[in-house]
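Heads up: the structure comes next, in structure tokens.
The values are calculated or read from the model by the stated rules, or taken from the named source; none is laboratory data. Here the structure is a predicted model, which is why all the values come from computation and not from measurement. Here the Cβ positions follow ideal geometry from the backbone for every residue, glycine too, while neighbour counts run over all protein chains shown. Accessible surface areas use protein heavy atoms only, side chains included; no ligands, DNA or RNA. Shrake-Rupley method; radii C 1.70, N 1.55, O 1.52, S 1.80 Å.
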Amino acid sequence: QALALQCWKQLRRRKVLVVRTGELAREEREGLLRSSLILEIVKSWYLVCPPKNGKSVEQAWQDAFWPFCGQYLNNRFGSDWCLSADNSLLLHAGNWSVPTLTLVCAHGANNRMVRLPFGTSMFNCNQSLPNHQDIVIRNGLRMYDLEAAFVDASPAFFATNPHDALVVLEQLRGRKPVMDCLTSGKNLSSVGRLIGALRSVGAEETARDIHTAMKTAGHTVRVIDPFTHNSPC
């Protein structure tokens, strides 16, 4: 008990949120578990629990979730992974709340669900990643760049996350879009939804620039408003 408490205090002093089996001696790990000072996240990964008079364990998991994802995925896949386009767009919007389901694209993934604490989970999809230049790293998380995320976003993203969609559309309006990604010919329907979404929020100039670039590249896109699923005029 004393050894576990001393170890826990050291982890807390160092502001460690997540600890792996290899970072603890066996006696320390077993003592920490017996004393409920750590909580198993997945095999060999543990959440460092807060003091009993502080945050709840669930709140501690909320704080540790994204750091855990970065550490766990880097350990498992190296640099061969990236958060899904939809998850990336939410983070671009500044929405760092913990999703019920986190989708990850990774080479060598087993296409299985990873159950995590408090009703959260992660699904690792064995699928191709965006091009290297279309990946950015923020807070240790590999994620789609903004334009690439729009190209691979699900059809339901705008209707399901309207507030976050507005935030990222404003970001795109506020800069010159990277046309190489948008005009690659990949997922033309997604680009059509992006153009329609930009029109719907009054970013007509950005929408026109992208539409013109698509035509110049020889692509025909069907423009729809993804917020309403109706074709704009």
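Laid out as a table, the results:
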item	result
Within the range 104-179, percent of DSSP bridges classed antiparallel, to nearest 5	80
DSSP-defined antiparallel bridges as percent of all bridges, the chain, nearest 5	80
Largest to smallest accessible area among Arg222, Arg29 [probe 1.4 Å]	Arg222, Arg29
Reference-scaled alpha-carbon Rg (2.2 N^0.38 Å with N residues) for the chain	1.22
Net charge of neighbours whose Cβ lies under 15 Å from the Cβ of Arg115, counting Lys and Arg as +1 and Asp and Glu as -1	+1
Computed Kirkwood radius, in angstrom, where 1/r is averaged over Cα pairs of the range 98-154	12.5
The range 102-233 shape via C-alpha gyration tensor axes, a/c threshold 1.5	prolate
CD proxy at 222 nm, helix term only [per DSSP H run n ≥ 4: -39500 (n - 2.57); per residue of the chain; nearest 500]	-13000 deg cm²/dmol
Area projected by the alpha carbon convex hull of the range 10-62, averaged over all directions, nm²	3.6
Long-range HN-HN contacts of Asp145 with modeled amide H, under 5 Å	Ile135, Val136
Accessible surface of the chain, 1.4 Å probe, proportion on carbon and sulfur as whole %	49
Cut-off 12 Å between beta-carbons: net charge of the residues surrounding Leu91, Lys and Arg +1, Asp and Glu -1	-1
Heavy-atom accessible area per residue - the range 14-141, 1.4 Å, Å²	52
Square roots of five times the Cα gyration tensor eigenvalues for the range 1-125, Å	28, 16, 12
Computed over the range 163-219, the ratio Rg/Rh where both radii use C-alpha atoms and Rh is Kirkwood	0.94
